[in-house]
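*Asks:* Got a structure for you, questions after.
The values are calculated or read from the model by the stated rules, or taken from the named source; none is laboratory data. Note that the structure is predicted; figures quoted are calculated from it, not measured. In this analysis, Cβ positions are derived from the backbone assuming ideal geometry, glycine residues included, and neighbour counts consider all displayed protein chains.
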């Protein structure tokens, strides 16, 4: 029988380092599994929303309403509470245009709206437009990148906030339990999905005129539009306004420290997505990806299969870390 000497201080140190390494790698693997689930969920939603059965989420065959019902069911399943009439805020189109097709004046569509209550009535809001160009003759404009991707990302944020999976101690590299975690957020989180964006920001303009929330209680609003690809980083519109600059500075600081995106670009405000009307009432930005891969823009080739999500986990981790800092 071999006799083993009592461990020396040096041996104890080696064992401690080895154990810490195992624990860290285990925690890191949990974090990777969480983000892998995120990517899997968002891929499923993008494919569902850009399926032929959605008719391009336009007015033909009421594809926008089919998509809205899909979102309502997802929000219910996620435990997100309804705003409006059972999640819907109905509006009618004015005499407006889109290419393709022409939307008839008086056509009724809807915004889809929900929230997760927090400890206060101060709100953080995420938005995306869920509708797309619909059909031109028999040709379907599937709209995976524009904007099933942003819609899926906002749903994913609702899923993560509701489940507690976004609560990550990123500084120490630790991940808190993700099952039955008793989440208590400081802020109320609101999730808005707008119709009529392709026709001139119709749904978001209606919401700005007849809001379902107190806009003066919105701490920060982020609109996500065009979220596939991103090999070249992220762009933030309305990044330089006094009320939004501190938030964009924080995003940029976090990215510089941890390199989630290749870069974060900045643009002044522009009426190019649904943040526009809302930015007149609260701090609001519009975030989109730079570079591919994605299937196309306003093209029948914008399909689920072409929607690259290789950067999605990093981008979502950036947003989760950003929320973590705001909550503190």
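*Asks:* Under the condition of being more than 13 Å from residue 198 (Cα to Cα) and modelled with pLDDT of 95 or more, which residue from the range 122-136 is surrounded by the most Cβ atoms within 10 Å (Cβ to Cβ)?
*Replies:* Looking at the filtered set, the residue picked out is 127.
*Asks:* Collect the residues in the range 63-85 that are closer than 25 Å to residue 300 by Cβ, surrounded by fewer than 18 Cβ atoms within 10 Å (Cβ to Cβ) and touching a helix residue (DSSP H, G or I) at 6+ places or on another chain (Cβ under 8 Å), keeping them in residue-number order.
*Replies:* 66
*Asks:* Among the candidates 212, 254, 221, which residue alone is closer than 29 Å to residue 43 by Cβ and in contact with a strand residue (DSSP E or B) (Cβ under 7 Å, 6 or more places away or on another chain)?
*Replies:* 221
*Asks:* Only one of (1) modelled with pLDDT of 95 or more; (2) in a helix (DSSP H, G or I); (3) buried (at least 20 other Cβ atoms within 10 Å of the Cβ) is not met by residue 161, so which one is it?
*Replies:* Every listed condition holds for residue 161 apart from (1).
*Asks:* Just one of the numbered conditions (1) in contact with a strand residue (DSSP E or B) (Cβ under 7 Å, 6 or more places away or on another chain); (2) buried (at least 21 other Cβ atoms within 10 Å of the Cβ) is not true of residue 92; which one?
*Replies:* So residue 92 meets the others, but not (2).
*Asks:* Examine the range 95-104 for a residue that is buried (at least 21 other Cβ atoms within 10 Å of the Cβ) and touching a strand residue (DSSP E or B) at 6+ places or on another chain (Cβ under 8 Å), and state whether such a residue exists.
*Replies:* No: zero hits.
*Asks:* If you don't mind, there's one more thing I want to ask. Spot the failing condition for residue 320; the list is (1) at pLDDT 95 or above; (2) assigned to a helix (DSSP H, G or I); (3) crowded, with 17+ Cβ neighbours inside 10 Å, and only one is missed.
*Replies:* It fails just one condition, (1).
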